[in-house]
1. Report whether or not Leu523 is in a helix (DSSP H, G or I), of a type outside the set (Lys, Arg) and touching a residue at least 24 places away in the same chain (Cβ under 8 Å).
2. Among the numbered criteria (1) in contact with a strand residue (DSSP E or B) (Cβ under 8 Å, 6 or more places away or on another chain); (2) more than 23 Å from Ile244 (Cα to Cα); (3) touching a residue at least 60 places away in the same chain (Cβ under 8 Å), which one does Asp59 miss?
3. Going by what's in this entry, would Phe595 be described as crowded, with 17+ Cβ neighbours inside 10 Å, at pLDDT 75 or above and outside the structural domain of Val454 (by TED's automatic domain parsing)?
4. For segment 615-634, does any single residue satisfy the condition of being modelled with pLDDT of 85 or more, surrounded by 15 or more Cβ atoms within 10 Å (Cβ to Cβ), touching a strand residue (DSSP E or B) at 6+ places or on another chain (Cβ under 7 Å) and part of a loop (DSSP other than H, G, I, E, B)?
5. Please go through segment 119-162 and give me each residue that is part of a loop (DSSP other than H, G, I, E, B) and either in contact with a strand residue (DSSP E or B) (Cβ under 6 Å, 6 or more places away or on another chain) or in the same structural domain as Asp636 (by TED's automatic domain parsing) (or both), ordered by number.
6. Could you please find all residues in segment 154-188 being surrounded by 20 or more Cβ atoms within 10 Å (Cβ to Cβ), of a type in the set (Gly, Ala, Ser) and at pLDDT 95 or above?
7. Sort out which residues of segment 68-118 are over 30 Å from Ile12 (Cα atoms) and assigned to a helix (DSSP H, G or I), and write them in order of number.
8. In segment 191-212, which residue that is in contact with a helix residue (DSSP H, G or I) (Cβ under 8 Å, 6 or more places away or on another chain) and assigned to a helix (DSSP H, G or I) is surrounded by the fewest Cβ atoms within 10 Å (Cβ to Cβ)?
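The values are calculated or read from the model by the stated rules, or taken from the named source; none is laboratory data. Here the structure is a predicted model, which means the values were calculated and not measured. We place every Cβ from the backbone using ideal geometry, glycine too, and count neighbours over all the protein chains shown.
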Amino acid sequence: MAKNDKILIDGIIDDRVDLKIPSNKRDEAFEYFSFEQTLKDYDLSTDEIKYGSVDGRNDGGIDGFYIIVNGHLLSDPQSFKWPRSGSVLEVWIITCKHHDTFKQAPLDNLAASMVEILDFTIDSPNLKGDYSEQVIKFRENLKLAYRKVSPRLSQFSINFCYASRGSTEELGDSIVSRSKQITQIAKDSFGNCSSEFLFHGASELIELHRKSPNFSLELPFKEDLSSGERYIVLVDLEDYYNFISDSGKLRRYLFDSNVRDFMGLNRVNEDIRETLLDSDSPDFWLLNNGVTILATGASVIGKSIQIQDIQIVNGLQTSESIFRHFQNGGNDPKNRSVLVKVIVSSNEKVRDTIIRATNNQTTVELASLHATDKIQRDIEDVLKRNDLYYERRTNFYKNQGLSSDLLITPLYIASGFVNLILKSADQASRLKSRFMRSESSYEKVFSQTTDLNVWPKIAFILKSTDSFLETVRPVGARGGERFLKSKRQFLSFLTISRLLETFNFSIADVVQFDLNKYTNDELRFSWDLMESLNSESDYRPKMQKSYLNKLCIKASEEWKTRDVKRIVKGKQVDVKYKKIKKAKLKEGKKVTMEFAMQVHMVLPPQPWKPGVDREIMDKLNCTRSEYFDAVKLLIDEGLRNEQKNGVVYDMEGNVISFDPERVDEETLKLKS
């Protein structure tokens, strides 16, 4: 290692601490930086990087735990788009130490943990090690992912990384030996698994840091047709592969504006794969719709086109199929071509229209197109006028190097709306991105009729609350993103209600609220009340309705805040949450998961009407027993909820919705 590399790393961490990326604590800034650089090829968002952090007490030597399926982070198994075939499962287990050397103790701890964490014959409650709830959750997610994709698994790897500020040139033999033992544990645990152990010292981290996303590239072509700033080119398949890859890795950042994820080898992609493998097939571009690239500039020089600010907005399935073909050793002896359209435009509305149009030509879940909605662009504009940047397109502003303090994600601000406007801090605390799949839930939050001026107020309130929570959060995993998610909504709702002197404040009240009154002193006052409730011996706070009720009742008693009945007897907001529950697949199950997913695809949203079972049985030509076994499996998997007499319950037994045509709103019993 060059002796100045550690100085450079320390300078980078100093800058991160100043920008609070992710906080002003040096060890946390170094850990986040290490995760970010190690996983750079996946272009993960800030929230995704934070999600994988499990550092803290009883972490088993694991600081970062990331499960990646077909290049996409698995964070919410229930809403994840599981590929139908051709699955690639990658696991990254990262240890970070803000030391200036590599030490053996962290690897000893990690090796001991891996022996049982990767042994799926051991149920989590029977593990000998004392592991945190987060580590157990990620282990369960890995078990679920492995089970779901194993019938169609084409690649499986478990990768380890140890990051520090030390020099990899000074690794001791015992440390290298222990790293080899850890990779062998992974290989022995799974017969089809490859494993690699990386050491990232100061030099390696700096080298990764300097590797910036390249959005301006040159694309060779055979033939071209142009009109103004519109180009159509025929490109050799191998040249296109080189264009979208870097050192054998897909440049995923080029696809940020593409609304679809790669779906594995479904029927269309299977056809693409077969065409690529058959060198005697007609030229590829004759059988394929091709690729559409949006750019801010392009110029043809000879037989190549130089493209600036590349975004591949249509053709992800084609692109990833071509990438996989060559990555897996395929060739193209007849130099076939793919058709590429290049459209130059700097107008954001025009670009968004093109994105929506090109992705609407085939079946796409409508919710996945929301990034281009007018309301999303409007929120981006109104936040920008308030010096905040809305990441409606993943990593768009992050890749410009803006501080995380200035970045707002759709899920983050949606949770604030559910909390402050819909008065449901409990659901806001556990809001998942899958709520955008429901048009009714999405429109309830992102309504075009809502006063736009409420969004900067919500963003400021949440960011100010997070800033205060940084001063009281515990060290380690207990003080991570989960702490912020579980506290920010209750604390902000409690404080705003007290300052407005009512729990039943309106959108107009929030819009007109003087943000200068929302101070750390006011937040401290509310925090003390929350802590007094949490310390009561007969109660432990949880992210659920009962906690919100008790909190508001206590506040109304001590502060005389009005309209507490609005919370205690308020209607449940229809922004659904489904708790992950361990899958139960017992021997002798009458139905397979594949059949259960067929049922899932044709089942309507809950609450179901009477007779829905007969409709599904007719559609799928199955028996009544098969149908109910499939529904039971879907409930066990957390994909559907328990329903009885028109009322739908979550895993904790809380009512989340009911059929108003059949059920009395007050008694929740069937109408007579």
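1. Yes: the conditions hold for Leu523.
2. It is condition (1) that Asp59 fails.
3. Yes.
4. no
5. Correct list: empty.
6. Ala163, Ser164, Ser179, Ala186
7. Within segment 68-118, Ala111, Ala112, Ser113, Met114, Val115, Glu116, Ile117 meet the criteria.
8. Result: His209.
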